[in-house]
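Here is the structure we will look at, set down as structure tokens.
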Amino acid sequence: MSEPVLSVRGLKVYYATPDGDVLATDDISFDLERGETLGLVGESGSGKTTATSGILRMVSSPGRIAGGRVTLDGEDMIALSDEEFRKRRWSKLALIPQGAMNSLNPTMKISAQIADVVRTHTGAAPDRARVLELFQMVGLPERIYEMYPHELSGGMKQRVCIAMAVALNPTVIIADEATSALDVVVQRVVAQTLAKVRDALGVSMIMIGHDMGLMAQMVDRIAVMYAGKIVEIAPVADMFARPGHPYSKILIESVPSLTERRPMKITEGITHDPRNPPEGCIFQLRCPHVNDGCTKPQPMRELRPGQTVACHRAEELEGAHV
Amino acid sequence: MGRIPRKYLINRLITLALTVLIAASMIWVIPRLSPVDPAEIALGRMASGAGAVANAEEILAQLRAQMGIDQPLIVQYFKYLKGALVFDFGLSTATFPTPVSALIAQALPWTLGLMILSLVITFVIGNLLGALMVWDHSPKLAKVAIPAAMVFTSIPPILSGLLLMWIFAAKLRWFPLTGAYGLTVDPGWNWAFVQSVLHHGFLPAMAIVIVTFGFWALGMRGLMITVQGEDYVKLAEAKGLKPRYILYRYMIRNAILPQITAFALKIGLLIAGQVLVERIFAYNGMGKLLYDAILDQDFPVIQGVSYVIILITALSVFIVDLIYPFIDPRIRHEGG
Amino acid sequence: MTSTDHQAEIAADKAARKRAKRMKRFDNPWLNPKLIWGAGLLLAIVALGLIGRMLWNLELVYTGSTPLKLPPLGFENLRKQPGVLDYPLGTDGSGRDILALIIMGAPNSLFVGLLASLIGMSTGIVLGFTAGFVGGRTDDVIRVLSDVMITIPPLLILVVFQSAFGDVSLTMMALLIAGFVWQSPTRLIRAQVLSMKQSGYVQMAQLSGASTTDIMFKEMLPNLIPYLFGSFIASVTTAIVTAVGLEVLGLGPQRIPTLGRTIYEAINAGALIQNLWWWWGIPTLLLATMFIGLLLINLGLDEVSNPRLRKA
Ligand SMILES: Nc1ncnc2c1ncn2[C@@H]1O[C@H](COP(=O)(O)OP(=O)(O)OP(=O)(O)O)[C@@H](O)[C@H]1O
Ligand SMILES: [Mg+2]
């Protein structure tokens, strides 16, 4: 395999609070291969957005990057000066933000907000034709060129964010729940747009979300996050066919299916205090298969080629129902 | 593009007209409620000048006719409103028979000049400093020095005026104590005069600036903290835009909007504060005119000055309201 | 990881813990230092008025009851007279003791400010709730009226009033000023009522059968208290500024000592050029203290109701 385009090692992002640090992202590692799309799933609050902000070096007070290494295109991102890192932003590493609704400057025209990022990184503002080409790529009408964000629907704003992300042909795009604020129909359409643009440009992508169904159609590999830790990484097919971690299993079985009616498995959120995680396995308090071994540290280990998991009972439980 | 929604415009015009009408009416009604008879005051002044007055009743009646207060109230009221519309407030009783409007015309440019200068300086400086207090890339000094200066924020400008006057005019003698220009210069477009005006205007302007910039800085600080947490600022950072560009185009540009509304609401108080500063510096503006009129019980002048100052306030608010849609696209389109 | 990395990490951890501790200190909003300092300054002024009335000879506020233009204790005036213990803060140009003047005058300013704001606030609360809840024509009238009245500077109307009527009492002055400080609370409450009406929880209360007045006073008012408090302090400031302004123009109450009037007399007597700094300076200092106290309270309240302001 060639060298990964993005490699994250031991990334820790903590938020300081009066009662101690929230370990929002705690020691996560993964690689993103060139041209690949990696899905990052996990319930709300599991630290997906925080991990992204760590990679983008956008953690602001009270948060801080408490350790780790990020390598993009062979370049150590943590070691770069602020100014050097700023130049890498967007031209190499672009973001489709979680809150696209509020991610556009209300006092600037849409076209100007696309133009300014291009001007900053290439030195020349894009001409009208280039902006319209971007609009067309994501299915936006020409008339919004002169418009302000408040004149657009949520779906349109989301597309603007996609158009903005691809404007500089970045190496990696991180799409943080690019669709979850939209209604179901628009969600699918925007997701298709995203997939289309990705395939057209051949860009590598990290796609964040909690919709396993959508993930299954869009990504090559899936990383599952729980309470700040990655508990399993596997190719999509393996993940759905033979999930190694009990939590992955629960996530997959919670995908509604037409052919088979099952009771919903997930009933509660993360149960432990994020400031004070349990010793050993992060999932032990909610795991149906917990035993004495779970209080020992659970490093990621290879279950089969391409599939790594942080559970000492993975082989044993394979095939067992949750 | 760039058009003000009609509904918004009509709304603002109505508010402007109502403000002026209500203020003018108050100024007219209040004295009519008073038992004091302006004709008798005028007579008293004549008497003190000429010793005894023989045919007092006759002269009183004459004075009343001259002042127009022998007519039915409703007629007086509409005559007054008509006059106010064209800035005709009758004749000054202290410097009889100078028209009040002539006195105001002399004083107004000074007040407007000082006002525009000090309000603009204080608004710009205050907001800039408030923004710098929040901005991540500001020099450390900004975050320490500005809050210290903030203590003066709520002190009225007359008090700061007194202090500045004492230190820089009475003790150090760097600046003249009173007046708007020196007695030795010729008013007109010559360098000596301009220099003298700037020299005289500096302390009054500073008196206003040092105690009002903090108000804007504080407000701006709160707004900037809010804007800093907005998704669009975070995305601007992720876009790798230059910090300075983000500061003015993404942060200040949005945080300033409520400040401009606040400016419109605050103008009245700021102008009133300035009138007092003019009074203590004996600056040749509306403040001094008002103060002299109070001393002389020159009622038409008091009325005229109050009316014009309120009109300036209302017009300033109106102008701010007209500019607002051009800087906030959301108002422009919704017509709210 | 190298050891320098590790050390940096420990230092960062320490800084974070310190930061966290600092945050914790704000957990009780009433322990906010700005709030305490502000309230302390105002209380000191009230105490000066109250204790001074008991301990000091107030007859000294009458003209000619002291030698003229004596400096405060420890200073010398231009005629080389030293300050004396009988008049520790000096005397003015017409033979009055400055200490007696400020003991009498300082509480007056606070009184006008508090009374005017109390009346203004009460009016504002009633009008704001009415406009927000009743809506329609009533709302239009109240909204336009407050838009109009917020533009008119109270000082000028008061100048007109007093020039026509002659003397005013403190209470009358407070009443007149109250006519100009109801607009901000009205607008504030109206806006809050409108936004709360949209948010779910008033509707919830309505569904559970609470009456409108119940909703107004039991559900909404408690949420508005920090804002109202802030608005109250702001109108106290406006009222005092207006009263002092009036006094400095030689208007305001003529027969009782006020800080503003003392400053007015000092300016008229040329105290600035004669270097009689204590005559105008001490009342100025006292007023400044009052305004700084009010400002600190307001800043403290802001921090209580908006936690984000507490950082830095
Ligand atoms: N400023 C902050 N201060 C303290 N804790 C924070 C802060 N921001 C986030 N957190 C905590 O960090 C954890 C992870 O948050 P994050 O936003 O990364 O979750 P997420 O996986 O993106 O969730 P979602 O799917 O809802 O977007 C949460 O427990 C959250 O409470
Ligand atoms: Mg998130």
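The values are calculated or read from the model by the stated rules, or taken from the named source; none is laboratory data. Note that the structure is predicted; figures quoted are calculated from it, not measured. Here the Cβ positions follow ideal geometry from the backbone for every residue, glycine too, while neighbour counts run over all protein chains shown. These area figures cover heavy atoms from the full protein model, side chains too; ligands, DNA and RNA do not enter into them. Shrake-Rupley method; radii C 1.70, N 1.55, O 1.52, S 1.80 Å.
Of the peptides B:208-218, C:220-230, B:98-108, the ranking by mean beta-carbon count within 10 Å, highest at the top, reads B:208-218, B:98-108, C:220-230.
Taking every protein chain into account, the 1.4 Å probe leaves C:Phe75 with about 100 Å² of accessible area, to the nearest ten. For C:Glu265, A:Glu302, the ranking by accessible surface with the largest value first comes to A:Glu302, C:Glu265, using a 1.4 Å probe.
Heavy-atom accessible area, probed at 1.4 angstrom with all protein chains present, ranks C:Asp214, B:Asp328, A:Asp292 as A:Asp292, C:Asp214, B:Asp328, highest first.
Centre-to-centre separation between the Cα atoms of the stretch C:249-312 and those of the stretch A:89-109: 48 Å. Summarising the strand pairing of the protein assembly as shown, around 65 percent of its internal DSSP beta bridges are antiparallel.
When the accessible areas of B alone and C alone are added and the area of the pair subtracted, with a 1.4 Å probe, the result is around 4600 Å², both sides summed. Per residue of peptide B:6-16, the mean number of Cβ atoms on other chains within 10 Å of the residue Cβ is 1. Taken over the stretch B:250-294, the alpha-carbon convex hull comes to 78 cubic angstrom per residue. Counts of other chain beta carbons within 10 angstrom of each beta carbon in peptide A:97-108 average 6.
For the residue pairs A:Lys157/B:Lys7; B:Lys171/C:Lys80; A:Lys12/A:Lys48; A:Lys196/B:Lys242, the C-alpha atoms sit more than 22 angstrom apart in A:Lys157/B:Lys7; A:Lys196/B:Lys242. When the residues A:Arg34, B:Arg279, A:Arg130 are ordered by accessible surface, computed with a 1.4 Å probe over the protein chains alone, the sequence from largest down reads A:Arg34, A:Arg130, B:Arg279.
Solvent exposure of A:Ser44, expressed as accessible area, is near 90 Å², computed with a probe of 1.4 Å over the protein chains only. Here is the list for the stretch B:156-229: trypsin sites (Lys or Arg not before Pro) lying in DSSP coil, each with at most 11 other C-beta atoms within 10 angstrom of its C-beta, are B:Arg173. The convex hull defined by the C-alpha atoms of the protein assembly as shown has an orientation-averaged projected area of 51.2 nm². Here each label is just a point 7 Å from Cα along the line to Cβ, and for A:Val290 and B:Ile260 those points are 5.8 nm apart.
Per the accessible-area calculation with a 1.4 Å probe, the total area buried between chain B and chain A rounds to 2200 Å². Per-atom-type breakdown for the protein assembly as shown gives carbon and sulfur 62% of the accessible area (1.4 Å probe, protein chains only). Inter-chain Cβ neighbour count for C:140-152, averaged per residue, equals 6 (cutoff 10 Å, partner chain atoms only). Across A:Ala216, A:Ala163, A:Ala227, mean-square fluctuation computed from a Gaussian network of chain A (C-alpha pairs under 10 Å connected) peaks at A:Ala216.
Taken as Cα centroids, the stretch B:272-323 and the stretch B:158-182 sit 21 Å apart, rounded to the nearest whole angstrom. Solvent-accessible area of B:Lys234, all protein chains in place: 90 Å² (probe radius 1.4 Å, heavy atoms, ligands and nucleic acids excluded).
Per residue, the accessible area of the protein assembly as shown comes to 45 Å² when a 1.4 Å probe rolls over the protein heavy atoms. What separates the Cα centres of the stretch C:120-180 and the stretch A:112-131 is a distance of 52 Å. Between B:Ser118, B:Ser138, B:Ser34, the GNM of chain B built on Cα springs shorter than 10 angstrom shows B:Ser34 fluctuating the most.
Under the membrane-span-like helix rule (DSSP H runs whose alpha carbons stretch at least 15 Å along the helix axis, mean Kyte-Doolittle hydropathy -0.5 or higher), chain A yields A:110-122, A:154-166, A:184-201.
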